[in-house]
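Structure first, then comments.
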Amino acid sequence: MLASVGWDAPQAMVKTTRAGGKHEDRFAELIDQADRGRLDFDALRELGREYRVCSARLSEQKTRARDPEALRYLNALCLRAYTHLYVPRAKSRAPRLAFWLDELPAALGRTARLQLLATALLALGALIGASIVLEDGRNVSATVPAQMYPPAALQQLHDSRDARARFLERHDRSAGINALFAGSLFAHNTRVGLLSLAAGILAALPTVGLLVYNGLTLGGFAAIFMRGSERGAFLAWIVPHAVPELLAIVLCSTGGLAMGLAVIAPGRLGRRAALRRASGDALQLGLGSLVLFVCAALIESFVRESLLSTQARVAVAALAVSALLGYVLLVRVLARRKAKVDVAFLG
């Protein structure tokens, strides 16, 4: 990532620039866009072209020195453009902090549309699974895999209110058992997430299938409890750990979709370069999702498998959502801060 330098020109220099021709005007406009981080590939290439033109003009004006104000302004523009084109951004933060405040937010921003697509595919699977079960309860075993819940017990869970009440009963287990359970949950969820990410290399078709399949399971299982009086207890049972877990699955799947898109439609970069860029974003999203998987496993083990009341579980869910929103707001505030540089030597 390249550095961004801000500089506010005096009014006299602005007037000089307006009289300096279309190259200086376009050059200044491109640099302003680069300061805001809004340059695409074509605009960045144009910035490089305008930099070469204006650098040559700067050398010419230095020999003539007819207009000192125009010379200073054009020199400042070339300096700002140089920092975007050639100077790497200084890493002012520690590596771990830079990942959470710079690298991961940048990857999230570049893949925002794919995140929406992954969420839509997951929701589509959930709607299909719920509609299948609500239409005919005998279809419940077709939506929930047998390794997750045996078909006979699953059907009994659907048909019997007492079975659902027993399922939602709260038990107080030892910390050792909960820790072991958390480890197994983390291993399973991480395996599913990384599989969805890595499968993106196969044109993202397995990633799409895994998203719909996970949604199908979620919707089918939720439809069992959403019909009667157990709705509130079930939501308190599932929502606290579902918030970080589903978000982690969406992020991993987004990485897979990004790599699949690079394979299918690499664009002018070529498939190898596009895949290299997409795999970098996928890696950032995968690393970020690991923390979410850890949080989901801990909540599922120590909150879901506990004697906490429904209100306390809802509070945990609200805390998880608040933490995610707080992280997003923090990143947005930091992203809007422009890096400044001392340009007093120009005057």
Given the condition in contact with a Cys (Cβ under 8 Å, 6 or more places away or on another chain), surrounded by fewer than 18 Cβ atoms within 10 Å (Cβ to Cβ) and either on the phi < 0 side of the Ramachandran plot or assigned to a helix (DSSP H, G or I) (or both), answer yes or no: does some residue in the range 228-245 qualify?
no
Kindly establish whether Arg64 is at pLDDT below 90, more than 30 Å from Ala204 (Cβ to Cβ) and under 21 Å from the mean Cα position of the chain (by Cα).
no
Just for the range 27-51: of the residues that are over 17 Å from Ala70 (Cα atoms) and among the small types (Gly, Ala, Ser), which one is surrounded by the fewest Cβ atoms within 10 Å (Cβ to Cβ)?
Gly37
Considering only residues that are under 19 Å from Leu210 (Cα atoms) and touching a residue at least 40 places away in the same chain (Cβ under 8 Å), look in the range 132-148 and name the one that is surrounded by the fewest Cβ atoms within 10 Å (Cβ to Cβ).
Met148
Between residues in the range 175-190 that are assigned by TED's automatic domain parsing to the domain that holds Gly288 and residues that are acidic (Asp, Glu) and in a helix (DSSP H, G or I), which pairs lie under 7 Å by C-beta distance while being six or more apart or on different chains?
Leu185/Glu300; Asn189/Glu245
Any residue at all in the range 259-280 that's at pLDDT 95 or above, within 18 Å of the chain's Cα centre (by Cα) and within 27 Å of Ser141 (Cβ to Cβ)?
no
Yes or no: the range 52-61 includes at least one residue that is crowded, with 18+ Cβ neighbours inside 10 Å, touching a Lys or Arg at 6+ places or on another chain (Cβ under 8 Å) and over 12 Å from His84 (Cα atoms).
no
Cβ pairs under 6 Å, 6+ apart, first in the range 100-113 and acidic (Asp, Glu), second in a helix (DSSP H, G or I) and buried (at least 17 other Cβ atoms within 10 Å of the Cβ):
Glu103/Gln284
Would you please name the residue that is farthest from Cys295 (Cα to Cα), looking only at residues in the range 246-284 that are touching a Leu at 6+ places or on another chain (Cβ under 6 Å) and surrounded by fewer than 24 Cβ atoms within 10 Å (Cβ to Cβ)?
Gln284
For Ala203, state whether it is small (Gly, Ala, Ser) and outside any helix (DSSP H, G or I).
yes
Applying the selection to the range 206-221, what residues are small (Gly, Ala, Ser) and either outside any helix (DSSP H, G or I) or buried (at least 19 other Cβ atoms within 10 Å of the Cβ) (or both)?
Gly215, Gly219, Gly220
Those residues of the range 149-171 which are surrounded by fewer than 11 Cβ atoms within 10 Å (Cβ to Cβ) and either among the aromatic types (Phe, Trp, Tyr) or within 36 Å of the chain's Cα centre (by Cα) (or both) amount to Glu169, His171
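The values are calculated or read from the model by the stated rules, or taken from the named source; none is laboratory data. Computed from a predicted structure; not experimentally measured. Note that we place each Cβ from the backbone using ideal geometry, even for glycine, and neighbour counts take in every protein chain shown.
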